[in-house]
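Encoded as structure tokens, here's the structure I'll be asking about.
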């Protein structure tokens, strides 16, 4: 069971990585070939798209890289250590969900436009959070 | 050291995902390139240059605040210069929602057009894009351009105040939406969308093809 849950987390993390790297690419690609007509562009043009000069997808990418490494690490460790890392993933993804919720709130009420990629990432991190919550509870129940 | 089986599986999944991801990325660049026949890309009362009854129309959907449109502008000028006796060039507005000053800029260009100086004003907007793009209210700069072109300032102001050309601009944008464009600039030669770079040679090749038909 644990193997499968970690695989799900790992796979979701890969999707999140793909999304945030794609977004990061669109934020940094300098050559203006076209100006796109999309909610993403509206979001990107908003004052919330950068945090201290760093494009927001970079933070997303960092978070997913972190979970990616942790989730991979679990495959190499003993059960006991693996359980600790599952908790680390849970805390990581909790922070991710909180930030994503705030960003989605900004999209809805401040920017008035949605970026499909950003929303997808919010869904992915929420799923990671839910699955790892399930995993941690399962591990706790097993060790009790 | 023995690598756990699960680690190998994860490595495999990662590799497969990277391959799929790049595949999608490469394929996504190839989009369909025809507008539906029913869409009138030239439109009624659109501003045009060149030969009015030409069989070949080059249509640009542009946004004055879009850096890519600005980048394409010198090439468009060159194309118009070389082909003006054989084609008509039509400029239609497609102000993107992410560019807050694009729609007012289009209104200003149309207001100048009312006084016969659309293309002069159009050129000024692109040349000086950086000066007005980020302004919270670009109105004063737009009026300065009107003065520079010796327009009747009262008439110009009135057209902007009354949003006289807003309907026209929005109907241009609607035509672009119906034609399925995804950004600016988008060029059509008759109904065919130009894809893959906007260098002079790309225009030349497609225009010569269309003219030979």
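The values are calculated or read from the model by the stated rules, or taken from the named source; none is laboratory data. These figures come from a predicted structure and were not determined experimentally. With ideal geometry, Cβ positions are generated from the backbone for all residues, glycine too; neighbour counts draw on all protein chains shown.
Sort out which residues of region B:125-152 are in contact with a helix residue (DSSP H, G or I) (Cβ under 8 Å, 6 or more places away or on another chain) and outside any helix (DSSP H, G or I), and write them in order of number.
B:128, B:135, B:138, B:149, B:151 - these are the residues of region B:125-152 that are in contact with a helix residue (DSSP H, G or I) (Cβ under 8 Å, 6 or more places away or on another chain) and outside any helix (DSSP H, G or I).
With the structure loaded, tell me whether residue A:27 is part of a helix (DSSP H, G or I) and within 8 Å of chain B (Cβ to nearest Cβ) or whether it fails that test.
Taking the combined requirement at face value, the residue does not satisfy it.
Just checking, how many residues over region A:46-72 are crowded, with 16+ Cβ neighbours inside 10 Å, within 13 Å of chain B (Cβ to nearest Cβ) and either under 20 Å from the mean Cα position of the chain (by Cα) or without any contact (Cβ under 8 Å) to a residue 40 or more places away in the chain (or both)?
Number of matching residues: 7.
If you check every pair at least six apart or on different chains, which have Cβ atoms under 6 Å apart with a residue in region A:111-127 that is within 22 Å of residue B:100 (Cα to Cα) first and a residue that is outside any helix (DSSP H, G or I) second?
A:111/A:46
Condition check ((1) at pLDDT below 95; (2) under 17 Å from residue B:132 (Cβ atoms); (3) buried (at least 22 other Cβ atoms within 10 Å of the Cβ); (4) in contact with a strand residue (DSSP E or B) (Cβ under 7 Å, 6 or more places away or on another chain)) across all residues:
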position: B:64; (1), (2), (3), (4): no, yes, yes, no
position: B:72; (1), (2), (3), (4): yes, no, yes, no
position: B:84; (1), (2), (3), (4): yes, no, no, yes
position: B:94; (1), (2), (3), (4): no, no, yes, yes
position: B:106; (1), (2), (3), (4): no, yes, yes, yes
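Please determine, by comparing only the residues of region B:49-69 that are more than 9 Å from the chain's Cα centre (by Cα) and outside any strand (DSSP E or B), which one is farthest from the other protein chains (Cβ to nearest Cβ).
B:53
Applying the selection to region B:93-105, what residues are within 14 Å of another protein chain (Cβ to nearest Cβ) and not in a loop (DSSP other than H, G, I, E, B)?
If the condition is that a residue be within 14 Å of another protein chain (Cβ to nearest Cβ) and not in a loop (DSSP other than H, G, I, E, B), then B:93, B:102, B:103, B:105 are the ones that fit.
Can you tell me which residue in region B:166-201 is surrounded by the fewest Cβ atoms within 10 Å (Cβ to Cβ), limited to those that are assigned to a loop (DSSP other than H, G, I, E, B) and more than 11 Å from chain A (Cβ to nearest Cβ)?
Residue satisfying both the conditions and the ranking: B:199.
Which is in a helix (DSSP H, G or I), surrounded by 15 or more Cβ atoms within 10 Å (Cβ to Cβ) and more than 17 Å from the chain's Cα centre (by Cα), of A:97, A:119, A:124, A:43?
A:43
Could you list, in sequence order, all residues of region B:70-113 that are within 11 Å of residue B:58 (Cβ to Cβ) and over 13 Å from the mean Cα position of the chain (by Cα)?
Answer for region B:70-113, where residues must be within 11 Å of residue B:58 (Cβ to Cβ) and over 13 Å from the mean Cα position of the chain (by Cα): B:79, B:80, B:83, B:84, B:86, B:87, B:88.
Of the conditions (1) more than 14 Å from chain A (Cβ to nearest Cβ); (2) at pLDDT 90 or above; (3) surrounded by fewer than 17 Cβ atoms within 10 Å (Cβ to Cβ), residue B:213 fails just one. Which one is it?
(2)
For region B:1-21, give me each residue that is within 9 Å of residue A:75 (Cβ to Cβ), within 7 Å of another protein chain (Cβ to nearest Cβ) and either in a helix (DSSP H, G or I) or touching a residue at least 12 places away in the same chain (Cβ under 8 Å) (or both).
B:6, B:7, B:10
Sticking with this one: Working carefully through the options B:129, B:78, B:135, find the one that is over 22 Å from residue B:179 (Cβ atoms), in contact (Cβ under 8 Å) with a residue 24 or more places away in the chain and within 14 Å of chain A (Cβ to nearest Cβ).
B:129
Out of curiosity, is residue A:83 more than 13 Å from chain B (Cβ to nearest Cβ), in contact (Cβ under 8 Å) with a residue 40 or more places away in the chain, part of a helix (DSSP H, G or I) and more than 26 Å from residue A:115 (Cβ to Cβ)?
Here the answer is yes, as residue A:83 does meet what is asked.
While we're on this one: Has region A:23-34 got any residue that is modelled with pLDDT under 80, under 19 Å from residue B:97 (Cα atoms), buried (at least 16 other Cβ atoms within 10 Å of the Cβ) and in contact with a strand residue (DSSP E or B) (Cβ under 7 Å, 6 or more places away or on another chain)?
yes
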